[in-house]
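The values are calculated or read from the model by the stated rules, or taken from the named source; none is laboratory data. This is a predicted model, so every value here is computed, not measured. When we count neighbours, we look across all protein chains shown, and the Cβ atoms used for this are built from the backbone with ideal geometry, even at glycine. Protein only, heavy atoms only, side chains kept; ligands, DNA and RNA dropped before computing areas. Shrake-Rupley method; radii C 1.70, N 1.55, O 1.52, S 1.80 Å.
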Amino acid sequence: MIEEHKLLNGTRVASEIRAEVAEEVGALSADGITPRLDVVLVGDDPASQVYVRSKAKTSAELGMRSETHVLPAATTRTELEFLIDRLNADDEVDGILVQLPLPKSIDSTKILDRIDPAKDVDGFHPVNVGLLQQGRPQLVPCTPAGIMELLRRESIDLKGRRAVVVGRSDIVGKPMAMLLLHAHATVTLCHSRTRDLPAVSREAEILIVAAGQRSLVGAEHVAEGAVVVDVGMHRVTDRSVVEQLYPGNETKMAAFEKRGAVLCGDVDTTRVAPIAGRITPVPGGVGPLTIAMLMANTARAARQRRGSRS
Ligand code: NAD
């Protein structure tokens with residue numbers, strides 16, 4: 001259990017962001033522009049289907065239009081490119097999101113490169129990656145952008161402070177490091193080949209963990225008072241693992257009894273929370289911020305592409 005004064009509450013910040021996006025969508029709509037997000041799903045991966053549904057639902061809640069294009073797993077690269085070209089050419093489409101992972105037969109880099117950078121609401125196109133690197137960001141990947149919003153709104157000072165990012169993916173780790181650097185933190189980027197991770201991560205005043213390894217970060221990785229952001233997301237269905245992760249935590253056990261699973265992160269929250277100064281929970285930390293920033297990116301793309309007085 002995380003003490004209230006330590007909690008970095010992603011759910012609360014995400015709802016603030018969503019309310020601001022809804023207001024902006026209202027202003028755009030008054031100018032005759034209804035932001036529209038098109039999501040492309042290839043195949044029938046159940047987790048992807050859940051993500052895609054929740055993106056469509058949130059778009060509708062904020063007053064945006066949304067279309068979901070579901071294609072069979074056997075779709076060829078040419079067929080997918082044809083759809084992307086059609087969406088690029090459609091002036092009413094502001095955001096295009098291709099749900100990853102794509103089937104192995106399709107090279108996702110080639111597909112993501114084909115999206116119009118002005119509609120690239122995931123921020124994965126090389127043009128948007130380059131602009132971020134140069135410190136003139138346009139559409140920034142949603143998870144790291146959401147974490148920056150969380151830190152800003154929770155008044156976490158970054159200037160001159162030591163930040164360590166664990167994980168160097170294009171989706172989270174690398175853009176996260178770049179955003180922290182532009183916010184004047186001194187940044188170290190760790191990965192699977194980093195030697196003595198605990199020694200490096202203990203240097204962190206701000207520690208962002210996006211390694212995709214359950215409970216990778218324990219008490220030995222964290223300095224007293226550090227701000228810890230846990231990006232990891234793992235579904236645990238084994239009761240003995242839940243008991244080991246959350247000993248004596250009745251809320252977690254009740255959630256497990258109800259759903260047969262609980263979510264946990266890359267950080268061993270039970271052991272790290274007593275040491276950390278501030279910490280995100282899982283769930284209710286980074287997850288809700290990611291989708292809120294997707295909505296913010298879509299509204300931004302609409303404003304930039306189609307113009308508005310707002
Ligand atoms: P990824 O697998 O693409 O990258 C993982 C990175 O972690 C790699 O760079 C790897 O070098 C590094 N790594 C792996 N093991 C390590 C170790 N033992 N020590 C140090 N570094 C190590 O993963 P990703 O797409 O960046 O996602 C990371 C995690 O975040 C996953 O659990 C994913 O589900 C989650 N995620 C959550 C959200 C959200 O909205 N909450 C969004 C994106 C990703």
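Using only Cα atoms and rounding to the nearest 10 degrees, what angle (0 to 90) does helix 173-182 make with the longest principal axis of the chain?
The angle comes out at about 90 degrees.
Given +1 on the Cβ of Lys and Arg, -1 on the Cβ of Asp and Glu, and no further charges, what dipole in debye does segment 141-287 carry about its Cα centre, rounded to the nearest 20?
The dipole of segment 141-287 has a size of about 280 debye.
What number, rounded to the nearest 500 deg cm²/dmol, is the helix-based mean residue ellipticity at 222 nm of the chain, given -39500 (n - 2.57) per DSSP H run of at least four residues and division by all its residues?
About -13000 deg cm²/dmol.
For the chain, count the residues as N, evaluate 2.2 N^0.38 Å, and divide the Cα radius of gyration by that value, please.
Against the empirical 2.2 N^0.38 Å value, I get 1.01 for the chain.
Please compute the Kirkwood hydrodynamic radius of segment 141-287 from all pairs of different C-alpha atoms, in Å with one decimal.
15.4
Using modelled backbone amide H atoms (1.01 Å from N, in-plane), which distant-in-sequence or interchain residues come within less than 5 Å of GLN138's amide H?
Residues meeting the criterion, in which the H sits 1.01 Å from N, are LEU132.
Could you state how much accessible area MET64 has, in square angstrom rounded to the nearest 10, with a 1.4 Å probe and all protein chains kept in place?
Probe radius 1.4 Å; accessible area of MET64 about 10 Å².
Classify segment 247-310: rounded, prolate or oblate, from the alpha-carbon gyration tensor (a ≥ b ≥ c, eigenvalue square roots; a/c under 1.5 rounded; otherwise prolate if a/b is larger than b/c)?
Prolate shape, in that a/c is at least 1.5 and a/b is the bigger ratio.
How much of the DSSP bridge set in the chain is antiparallel, in percent, rounded to the nearest 5?
10
Taking a ≥ b ≥ c as the square roots of the Cα gyration tensor eigenvalues, with a/c under 1.5 meaning rounded and otherwise prolate when a/b beats b/c, else oblate, which class fits segment 32-119?
Taking the square roots of the gyration eigenvalues as a ≥ b ≥ c, segment 32-119 is oblate.
Select from ALA211, GLY260, ALA27 the residue farthest towards the positive end of the dipole of the chain; place +1 on Cβ of Lys and Arg, -1 on Cβ of Asp and Glu, and compute about the Cα centre.
ALA211
Got a sec? Charge dipole of segment 53-172, +1 on Cβ for Lys and Arg, -1 for Asp and Glu; which of SER155, GLY95, ALA56 is way out at the positive end?
Ranked along the dipole, the leading option is SER155.
Determine the per residue accessible area of the chain with all protein chains present and a 1.4 angstrom probe, expressed in square angstrom.
Per-residue value: 46 Å².
Counting Lys and Arg as +1 and Asp and Glu as -1, each charge on the Cβ, what is the dipole of segment 32-119 about the Cα centre in debye, to the nearest 20?
For segment 32-119, the charge dipole is close to 240 debye.
What dipole magnitude, in Debye to the nearest 20, does the chain give about its Cα centre under +1 on Lys/Arg Cβ and -1 on Asp/Glu Cβ?
320
Return the whole-Å distance between the Cα centroid of segment 112-158 and the Cα centroid of segment 287-305.
Using only Cα atoms to place each centre, the spacing works out to 10 Å.
Connecting C-alpha atoms closer than 10 Å in a GNM of the chain, tell me which of GLY265, GLY248, GLY95 has the biggest fluctuation.
Taking springs between Cα atoms under 10 Å, the residue moving most is GLY248.
Provide the FRET efficiency to the nearest 0.05 for the ARG153-THR78 pair, computing r from the beta carbons and using R0 = 45 Å.
0.55
For LYS159, which lysines qualify as cross-link partners when the Cα separation must be under 25 Å and same-chain residues fewer than eight apart are set aside?
LYS6, LYS174
Measure off, as a whole percent, the carbon and sulfur share of the 1.4 Å-probe accessible area of segment 61-138, all protein chains present.
53
What are the lysines whose alpha-carbon lies under 18 Å from the alpha-carbon of LYS55, with same-chain residues fewer than 8 places away excluded?
Cα-Cα hits under 18 Å: LYS119.
For segment 141-287, which whole percent of the accessible surface, found with a 1.4 angstrom probe, sits on carbon and sulfur atoms?
Exposed carbon and sulfur together represent 50 percent of the surface.
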